[in-house]
Amino acid sequence: MRNFIIDTDTASDDAVALLMALRQPDIDVKAITVVAGNVPLPLAVQNALYTVELCGADAPVYAGCAKPLLRDLETAQDVHGRDGLGDIGLPLEGRTPAAGHAADALREVVNAHAGDITLVTLGPLTNVALALLREPELAGRVSHCWIMGGIGSGHGNVTPTAEFNIWVDPEAAKVVYESGMKMTMVGWDISWRYATFDAEQAAEIRRIGTPLAEFVIDIQATLTEFSMRENDLAGFDLPDPITMAAAIDPSIAQYRDYRVDVTTGEGLERGITVVDVLGVAKRAPQMRVATSANRAAFVDMLKRSVS
Ligand code: RIB
Ligand code: CA
């Protein structure tokens, strides 16, 4: 068994990533820590609790930061739906999270499993940064941190230069990127190139016919409309799930080590992940960056998780 802890701003792609981990027989999800991002914190907490229940799992869910470290919260409800899961009328209310703050849960779980805990982050890095600021030594106790965030190469999705998770809380991202953790960044470029689903590809998964297969497709309703209208895609894309797939089986992607810095300015200077591809800054690489991925292997893993 491998120990995982997952930090998420639970919306329509996060829920699929959570499901993939919860349904993986050799992974023990020790905790799910929730952060505001795609949707306000209370909705993200309810969405995580709903997903855990749907999977028949018992991973504890902790509520974390309701806003970025310094900035106001900017959500993406226009992308994922007001409720974050496609506004398809799911019963997403009334569930109770575990007691305690997510940043404390992160510290407790990492300390309890020092050297044997994989952290997967699917949202803004506010909770993770808070835990690291409180206890910097955590960085050496996380076996590996898989970050869905930033851009390995190419264009942004929230501004021309920035990806949403990093852009929402750039200060938190800077803390994490400079923490010394062993880290892999799976940028939105990987999702845009290897994790898109057009109508037929989505229907192929939905035809598996299980409640989970229908769930993972139906909750993409708003994301599909948005992606086709705004992101020049033929359907929806699944950034968090392809990141989770790589965390589950690193061989599905290819990587290069780079120095990556995060900008904390405003406008076009906000939340850029600056990848020093040529090493011109002469600073030691601290981030493994996914440069390509195997779509077929990812889709096979996704199909298995809902079958
Ligand atoms: O930019 C994509 C990321 O932002 C994904 O994690 C998605 O869920 C949103 O949080
Ligand atoms: Ca997310």
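What the table shows:
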item: Antiparallel %, DSSP beta bridges [both residues in region 128-263], to 5; result: 50 percent
item: Considering only region 65-210, percent of DSSP beta bridges that pair antiparallel, nearest 5; result: 10 percent
item: Helix-only mean residue ellipticity at 222 nm for the chain, each DSSP H run of n ≥ 4 adding -39500 (n - 2.57), per residue, nearest 500; result: -11000 deg cm²/dmol
item: Sequence-distant residues sharing a close amide H with GLY271 (under 5 Å, placed H); result: THR263, THR264, GLY265
item: Vicinal HN-Hα couplings computed from phi for region 170-186 (Karplus, 6.51 cos²θ - 1.76 cosθ + 1.60; Hz; Gly/Pro x); result: x, 5, 5, 4, 5, 4, 5, 5, 9, 7, x, 5, 6, 9, 10, 9, 10
item: Across LYS174/LYS282; LYS67/LYS174; LYS182/LYS303, pairs whose alpha-carbon gap is larger than 22 Å; result: LYS182/LYS303
item: Interchain or long-range residues, amide H under 5 Å from LEU73's placed H; result: none
item: In order through region 213-224: 3J(HN,Hα) via Karplus (6.51 cos²θ - 1.76 cosθ + 1.60), integer Hz, x for Gly, Pro; result: 5, 5, 4, 5, 8, 5, 6, 8, 4, 6, 4, 5
item: Theoretical FRET efficiency, 1/(1+(r/R0)^6), r = Cβ-Cβ of GLU135 and ASP28, R0 25 Å, to 0.05; result: 0.65
item: Relative contact order of the chain, pairs being alpha-carbon contacts under 8 Å that are 6 or more residues apart, as %; result: 20 percent
item: Solvent-accessible area of ASP104 with every protein chain in place, 1.4 Å probe, in Å² to the nearest 10; result: 60 Å²
item: Extension gain, ASP257 back to ALA297 (0.36 nm per residue minus Cα-Cα distance, nm); result: 12.1 nm
item: Size of electric dipole in the chain: Cβ of Lys, Arg +1 and of Asp, Glu -1, about Cα centre, debye, nearest 20; result: 780 debye
item: Mean-position separation - Cα centroids, region 50-89 and region 235-299, in angstrom; result: 23 Å
item: Accessible-area composition of region 210-292, carbon plus sulfur, in percent [1.4 Å probe]; result: 56 percent
item: Residue order for GLU74, GLU266 - accessible surface, 1.4 angstrom probe, largest first; result: GLU266, GLU74
item: Viscosity 0.890 mPa s, temperature 25 °C, Stokes-Einstein D of region 93-210 from Kirkwood C-alpha radius, µm²/s; result: 153 µm²/s
item: Overall form of the chain per C-alpha gyration tensor (a/c, 1.5; a/b vs b/c); result: rounded
item: Phi-based couplings in Hz for region 267-274 (Karplus 6.51, -1.76, 1.60; Gly and Pro marked x); result: x, 5, 9, 9, x, 7, 9, 8
item: Built amide H within the under 5 Å cut-off of VAL39, gap 5+; result: ALA76
item: Cα gyration tensor, region 1-136 - rounded (a/c under 1.5), prolate or oblate; result: oblate
item: Residue-level accessible surface for ARG193, protein heavy atoms, 1.4 Å, Å²; result: 100 Å²
item: Among beta bridges that DSSP assigns inside the chain, antiparallel share in %, nearest 5; result: 35 percent
item: Region 16-40 versus region 111-132: alpha-carbon centroid distance in Å; result: 12 Å
item: Anisotropy class of region 166-307 from Cα gyration tensor, a/c 1.5 cut; result: prolate
item: Accessible heavy-atom area order of ASP13, ASP78, ASP232, highest first, probe of 1.4 Å; result: ASP232, ASP78, ASP13
item: Of THR196, ALA114, GLY149, farthest towards positive along the dipole that unit charges on Lys, Arg, Asp, Glu beta carbons give region 82-208; result: ALA114
item: Dipole magnitude (debye, nearest 20) for region 104-221, charges at Cβ of Lys, Arg, Asp, Glu; result: 180 debye
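The values are calculated or read from the model by the stated rules, or taken from the named source; none is laboratory data. The structure displayed is predicted, hence computed values, not measured ones. Positions of Cβ are backbone-derived with ideal geometry, glycine not excepted, and every protein chain shown enters the neighbour counts. What goes into the accessible areas is simple: the full protein's heavy atoms, side chains included, and nothing from ligands, DNA or RNA. Shrake-Rupley method; radii C 1.70, N 1.55, O 1.52, S 1.80 Å.
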